[in-house]
1. With the Cα gyration tensor of segment 90-241 giving a ≥ b ≥ c as the square roots of its eigenvalues, does the rule (a/c under 1.5 for rounded; else a/b larger than b/c for prolate; else oblate) give rounded, prolate or oblate?
2. Please report how many Lys pairs in the chain have alpha carbons closer than 23 angstrom, counting only residues at least 8 apart along the chain or sitting on separate chains.
3. If DNA, RNA and ligands are ignored and the probe is 1.4 Å, what is the ranking of W17, W121, W164 by accessible area, most exposed first?
4. Got a sec? What order do L242, L18 fall in by accessible area at 1.4 Å, biggest, i.e. largest, first?
5. Taking R0 as 30 Å, what FRET efficiency do you get between L138 and A162 from their Cβ-Cβ distance, rounded to the nearest 0.05?
6. Rg/Rh for segment 70-132: what does it come to with C-alpha atoms and Rh from Kirkwood?
7. Heads up, I need the accessible area for S188: 1.4 angstrom probe, whole protein in place, Å², nearest 10.
8. Given G61, A22, G89, which one lies farthest toward the positive end of the charge dipole of the chain, if we put +1 on the Cβ of every Lys and Arg and -1 on the Cβ of every Asp and Glu?
Amino acid sequence: MNFFLTIVLDGLIQASWLFIVALGLTLVFGVLKILNIAHGSFYALGAYIAATAVTMVAARGLPPSVGFVAMLLSVALIASAVGLLLERGLLKMFYGRDEVVLLLVTYAVFLILEDVTKLIWGVNPIYATQPYELFGNLEFAGLYYVGYDLVLIPISAVVGFAIWFGLNRTVIGKIVLAVIHNEEMSVSMGVRVNRVYAIAFAFGVLLAALAGALTAPKISMQPGLSSDVIILSFAIVVIGGLGSVEGAAVGAILVGLARAASVHLMPQAELFMIYLIMAAVLMFRPEGLFKRETARRI
């Protein structure tokens, strides 16, 4: 029983931060129809910024709680600004082009950000473990876990609910949904689609960077961090369905549980299990578990 519970808890911890990353990716695709290859780089950028903020706070002898708040605020401000600058300064020029062109543009951004992080933070591993001690150790059903890991689960649930509520229960969210479902009709009704594009892309970048910040205290920041994340986040949105918040949640849980089960039972098959689930879903549901409704021309 404890072994099964360990797999479930490990899977949910994995799923918590992966869900936030995938949520940003599926939001950007839903609004802008862009498969953002650079999404993993924004995750890595958030992790590096968080590590810098935590290190600066720790150097001044301040408690870990201050470092935790500082890393979240610094990541939110910088990531939002980076997202807006990229969308207004670069992506905007390629709207209306072939989807492959936009895919190549985001791939170029991915390569640039990889080199930028190496130039700023170097190639050696960076650690920012101070906030990891913030919640101590917790006992759950006879199992001992670092409190920070378990806290990630409710944080991701709150973020997911906030996104769902914002999209379905607020005026701005309904405008975003209108653009997702029918861009042409939204334009004819007076919606400033370009502004929606900018907000959606910046928010998608913010979510990826937020996930990076939340995981920074429990990992080492080093080159190549973004590659693993983008593979996993793409698997999640493909399983759940591109553009679906609910699909991102279910896909993240499936991927998280699959990784946890593989690590405990068959470590060599960890990545294979994710591809196996993705292939099985696509075999029976080619558009993912949660197909997003689209307008039909008549």
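The values are calculated or read from the model by the stated rules, or taken from the named source; none is laboratory data. The model shown is predicted, which means the values in this text are computed figures rather than measured ones. In this analysis, Cβ positions are derived from the backbone assuming ideal geometry, glycine residues included, and neighbour counts consider all displayed protein chains. Please note that ligands, DNA and RNA were not included when accessible areas were found on the heavy atoms of the full protein model with its side chains. Shrake-Rupley method; radii C 1.70, N 1.55, O 1.52, S 1.80 Å.
1. oblate
2. 6
3. W164, W121, W17
4. L242, L18
5. Between L138 and A162 the formula returns 0.75.
6. Computed over Cα atoms, the ratio is 1.08.
7. 80 Å²
8. Selected residue: G89.
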